[in-house]
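Read-outs: derived from the displayed coordinates by stated rules, not from any lab. None of the values given here were measured: they were computed from a predicted structure. Using ideal geometry, Cβ is built from the backbone for each residue, glycine included, and neighbour counts are taken over all protein chains shown.
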């Protein structure tokens, strides 16, 4: 799904990753993180696709809340699991969305 | 692949889309666009995955060059094909990358 986001400015976190083979607890942790992040008031939505490389973009009202989520305890434990088990490489890019436009229903 | 990008600030264009069924010239046009965009000096790299939703993130040195690419003639023709044939919906978000960090080789 394409995330419904408000008028800019808002923030985006682009998380690009290469996974290790196998699951090893990854899917359960990812599902828990999806549930936790959805409960944060500043969280606006997320888009995700994996096809060799994985790209997850999350959208946020404020930059401060991005840092809060980074430091949230369960998320920190998941990040450590990511470095130890689930990811070969990843890159996180924190961005300010300055303008947007779209095509099709509601975009 | 994860794009190699310089230290922030730089720009990102997040293109999220839902495709129509079938190819109908899409793959050939996409390949041509990839070739053309790679020739633009300000273009830094691109990451792409499709898995239901498609997410393509392109990285740029300057915002001005993003607008130039949007207006490039072949690209405008491709955009029109996109609206007429290839996409049900899409959203384009133009962002300034303010900070980044990574894990693994060269990130």
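For region A:51-95, what are the residues that are facing chain B (nearest Cβ under 10 Å), in contact (Cβ under 8 Å) with a residue 60 or more places away in the chain and surrounded by fewer than 17 Cβ atoms within 10 Å (Cβ to Cβ)? Result: A:88, single match.
Under the condition of being in a loop (DSSP other than H, G, I, E, B) and away from chain A (no Cβ under 11 Å), the residues counted in region B:7-23 number 4. Residue count for region A:33-66 satisfying the condition of being touching a helix residue (DSSP H, G or I) at 6+ places or on another chain (Cβ under 7 Å) and over 18 Å from residue B:97 (Cα atoms): 6.
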